[in-house]
């Protein structure tokens with residue numbers, strides 16, 4: 001299928017029982033810019049920009065492998081959200097200070113990134129990942145491998 005149906009945007013919709021806490025965490029702590037906000041009778045939604053989006057499809061054995069690398073055991077459900085950050089250590093500390101539960105601090109992965117695993121607001125399991133260059137720094141990162 002060469003042209004597909006013409007998808008223009010991936011939008012992950014999260015229902016958060018504590019809307020304010022989730023909005024504060026994802027908008028203010030992670031720094032996702034607000035694109036728009038709407039209200040309905042008795043409800044609210046905010047759309048946040050998350051930079052470039054990809055959809056990563058993993059089979060169960062690969063998902064288990066990524067959990068093993070990042071956390072040391074199987075912890076994720078069938079959906080996990082990964083955010084590329086500039087500094088995985090700093091981002092993990094900030095996310096934890098804002099109420100995220102750290103499941104695993106940043107580790108060096110076999111695909112040369114530093115990945116941390118957290119439980120964020122609204123029950124989302126998060127990976128915060130920092131791409132490293134060929135020599136282990138953040139300059140000149142090669143084509144990224146799966147972030148998990």
Given the criteria buried (at least 16 other Cβ atoms within 10 Å of the Cβ), farther than 15 Å from residue 26 by Cβ and either within 13 Å of the chain's Cα centre (by Cα) or modelled with pLDDT of 95 or more (or both), does residue 104 qualify? yes
When the stretch 74-86 is checked residue by residue, the ones that are part of a loop (DSSP other than H, G, I, E, B), surrounded by fewer than 19 Cβ atoms within 10 Å (Cβ to Cβ) and either modelled with pLDDT of 95 or more or in contact with a strand residue (DSSP E or B) (Cβ under 9 Å, 6 or more places away or on another chain) (or both) are 75, 77, 79, 86
Which residue pairs have Cβ atoms closer than 9 Å, lie 6 or more positions apart in sequence or on different chains, and pair a first residue in the stretch 31-44 that is more than 30 Å from residue 84 (Cα to Cα) with a second residue that is modelled with pLDDT of 95 or more and in a strand (DSSP E or B)? none
Which of the residues that make up the stretch 48-67 are loosely packed, with under 13 Cβ neighbours inside 10 Å and over 15 Å from the mean Cα position of the chain (by Cα)? 59, 60, 61
As an exercise: evaluate residue 23 against (1) touching a helix residue (DSSP H, G or I) at 6+ places or on another chain (Cβ under 7 Å); (2) within 16 Å of residue 124 (Cα to Cα); (3) part of a helix (DSSP H, G or I) and give the number of the one condition it does not meet. (1)
Going residue by residue through the stretch 17-26, is there one that turns out to be surrounded by 11 or more Cβ atoms within 10 Å (Cβ to Cβ) and over 24 Å from residue 82 (Cβ atoms)? no
Before we move on, is residue 89 over 14 Å from residue 29 (Cβ atoms), loosely packed, with under 15 Cβ neighbours inside 10 Å, more than 12 Å from the chain's Cα centre (by Cα) and modelled with pLDDT of 95 or more? yes
Being within 28 Å of residue 107 (Cα to Cα) and exposed (fewer than 12 other Cβ atoms within 10 Å of the Cβ) is the filter here; which residues of the stretch 31-47 pass it? 33
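The values are calculated or read from the model by the stated rules, or taken from the named source; none is laboratory data. As the structure is a computational prediction, the values presented were derived from the model and not from experiment. For neighbour counting, all protein chains shown are included, and Cβ atoms are generated from backbone atoms with ideal geometry for every residue, glycine included.
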